[in-house]
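Below is one structure, written out as structure tokens, with a few remarks after it.
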Amino acid sequence: MALVRCDFFSEVLGLSTSMTVLLPQATTGQIGLTGTAPAGAPPVLYLLHGLSDDATTWVRRTSVERYVAELGLAVVMPQVERSFYVDEHHGNRYGTFLTEELPEIVASFFRVSTRREDTFVAGLSMGGYGAMRWALTRPTRFAAAASLSGVLDIDAAARTDADRAETYRRVFGDGPLAGTEHDLLALLARARGRAVHLPRLYACCGTDDPLLPGNETFRRAAADAGVPLTYDAGPGGHDWAYWDARIQDVLAWLPLRPAPPSTT
């Protein structure tokens, strides 16, 4: 695979920002690793970081590059600071950047597929929230979306996480989040009767993770709304040992379409 550190200017944010990108490369001479690249534009996974992370963290803390090498899958890891992937109440327009500007920039910089059936999103913790919100608010963009230990009940998290109260106020404002455009549970309820139009959804959380109750609430909300959800709650905490294992499950779950390998 090719690993690209990309620094660029965002018109939406009005500042320079970064993304880390993995691009498929067909290889046979590497010891211990065989790379695959499709004949056409490869499918793409937008992989979102957590609250204390940046655009480099997935490749520094997991073996995601090794896991995707044989899949012919491009991976885009953008940087959004501590924004929860939304337009901040007091701050910048990271939600608009993510959902509107970033895909256009990626398509202009790199040869990746822009078809819905080839486009996926996943993330951990804050990024799990961002992945689910992006998928539920822009369902025609993605074939599948996954959350690993996500902050999936944002209203409960904002009310109970005293250590990050100021972050929640800065990002979301002072009002309650239940029922708003930021509430994943409300977005699921609004999807009732039209689940066929949504991407495939996956959520997992460790049973020793303090975010487990919010994930269980999300699971129940999906069931109540008739939205299919692949859900896994197993041993693990809020840590990289858990995420390194579960990202392999996510990659195996993605509906990647078989493609003939490149002949070049």
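The values are calculated or read from the model by the stated rules, or taken from the named source; none is laboratory data. Since we're looking at a predicted model, the values are computed, not measured. Glycine also receives a Cβ, built like all others from the backbone with ideal geometry; neighbour counts cover every protein chain displayed.
Only one entry of ALA41, ALA26 meets the criterion of being modelled with pLDDT under 95 and surrounded by fewer than 21 Cβ atoms within 10 Å (Cβ to Cβ), and that entry is ALA26. In the list ALA69, ALA41, which residue meets the criterion of being farther than 23 Å from GLU166 by Cα, over 15 Å from the mean Cα position of the chain (by Cα), part of a helix (DSSP H, G or I) and not acidic (Asp, Glu)? Among ALA69, ALA41, only ALA69 is farther than 23 Å from GLU166 by Cα, over 15 Å from the mean Cα position of the chain (by Cα), part of a helix (DSSP H, G or I) and not acidic (Asp, Glu). For beta carbons closer than 8 Å, sequence separation of 6+ or different chains, a first residue in segment 59-80 that is farther than 16 Å from VAL106 by Cβ and a second that is at pLDDT 95 or above and of a type in the set (Phe, Trp, Tyr), the qualifying pairs are ARG61/TRP240; ARG61/TRP243; THR62/TRP240; THR62/TRP243; VAL64/TRP58. Inclusion of GLU101 among residues that are charged (D, E, K, R) and in contact with a strand residue (DSSP E or B) (Cβ under 7 Å, 6 or more places away or on another chain) is warranted. Just one of the listed residues (ARG82, ARG60, ARG116, ARG93) is at pLDDT 95 or above, basic (Lys, Arg) and more than 29 Å from GLY179 (Cβ to Cβ), namely ARG60. The set of residues from segment 30-52 being in contact with a helix residue (DSSP H, G or I) (Cβ under 8 Å, 6 or more places away or on another chain), over 28 Å from VAL151 (Cα atoms) and in contact (Cβ under 8 Å) with a residue 60 or more places away in the chain comprises THR36, ALA41, PRO42. Residue pairs whose Cβ atoms lie under 7 Å apart, sitting 6 or more positions apart in sequence or on different chains, and linking a residue in segment 1-29 that is within 18 Å of ALA107 (Cβ to Cβ) and among the hydroxyl-bearing types (Ser, Thr, Tyr) to a partner that is in a strand (DSSP E or B) and at pLDDT below 95, do not occur here.
The number of residues in segment 81-101 that are surrounded by 21 or more Cβ atoms within 10 Å (Cβ to Cβ) and in a helix (DSSP H, G or I) comes to 4.
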